[in-house]
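Notes to accompany the following structure.
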Amino acid sequence: MVFHVPVMVKEVVANLVANPHGTYLDATLGGGGHSRAILGALSVDGALLGLDRDGEALTEAGRGLEGEAGRVTFLQGGFGDLQQLLAQKQIGGLAGVLFDLGVSSHQVDAADRGFSYRLDGPLDMRMDATQVMSAATLLEESSEAELVHIIKCYGEERRAKRVARSICHFRAERGMATTADLRAAVEATRPQHVPKTLARVFQALRIVVNDELGQLEAGLNAAVDCLMPGGRLVVIAYHSLEDRLVKTKFA
């Protein structure tokens, strides 16, 4: 099974790699698919940095890029750690930076990571398994009003009040520890389009658990600061919240 299927690989390389001798950053390393393609477009003196919060991703990418050991440096951390990590490695200007936002296909397909409403597993959703707060913790500690805010703002779900009320009811009656528990609470509100509502609720919790928008803003700021003159920044975004933030920063 492929750890993560990279998207728009040709487009990424064509728009990112303007200087084949430069140092590039893949800020969302995943299984290393984009990184392999970027390295393939570089000269022998070109180099790549691979950043990821997920230790499993770094391990998998290390296997896939084993033959490129001298040209690749792996960094574990979030986007918000980027500036500090680059400073620690004494890395100067970057020729290009790539962000492929959102959850990886491996994370979605692994039931024990808790990202998918389609698979039964613990309500985890942490991209970095070492952090304290999981989705279960968030749901346990949030008030109904806080859940309404999370689901409405980060899931863009119009029925946020009804869903939050149902979550609180299920939480009190039977606990809220698994993806099946959350799915049952959402389905109990009888949404017109069940999969879409489930996707929005799971997305909202995932974004908050991993502070994805805060991390993205910090990462974009660090990337712009670290780019050399003529350097390029490529971002693949999948939903309106990310898209809006990226477009604002670019503008």
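Read-outs: derived from the displayed coordinates by stated rules, not from any lab. Only a predicted model underlies this, so the values are computations on that prediction, with no experimental measurement involved. Methodologically, a virtual Cβ is constructed for each residue, glycine included, from the backbone with ideal geometry; neighbour enumeration extends over all protein chains shown.
Determine which lysines satisfy two conditions relative to residue 196: a Cα distance under 19 Å, and not lying fewer than 8 residues away in the same chain. Reachable lysines: 152, 161. Top mean-square fluctuation among 44, 12, 209, Gaussian network model of the chain, C-alpha springs under 10 Å? The residue with the greatest mean-square fluctuation here is 44.
For the stretch 129-209, the relative contact order works out to 39 percent when only alpha carbon pairs closer than 8 Å and six or more residues apart are counted. Going from the residue with the fewest nearby Cβ atoms within 10 Å to the one with the most, 242, 146 rank 146, 242.
Against the chain, whose longest principal axis is taken from its Cα atoms, helix 240-250 shows a tilt of about 30°. Going by alpha carbons, how many degrees (0 to 90, nearest 10) lie between the helix axis of 160-174 and the longest principal axis of the chain? Orientation of helix 160-174: about 70 degrees from the principal axis. Look at the alpha carbon pairs under 8 Å that are at least 6 residues apart: their mean separation over the length of the chain gives a relative contact order of 22 percent.
Here the chain carries DSSP beta bridges of which approximately 5% are antiparallel, counting only pairs with both residues inside. Sites listed here are GluC sites (Glu not before Pro) in the stretch 152-221 whose DSSP assignment is loop and whose Cβ has at most 16 other Cβ atoms within 10 Å: 156.
Across every pair of non-identical alpha carbons in the stretch 1-143, the mean reciprocal distance, once inverted, gives a Kirkwood radius of 16.1 Å. Sorting 35, 43 from the fewest to the most surrounding beta carbons within 10 angstrom yields 43, 35. Considered as an equivalent ellipsoid built on the Cα gyration tensor, the chain has semi-axes of 36, 18, 15 Å, the largest given first. Where does the longest stretch of the chain lie that holds no trypsin sites (Lys or Arg not before Pro) found in a DSSP loop with 13 or fewer other Cβ atoms within 10 Å? My reading of the result: 159-251 is the longest stretch.
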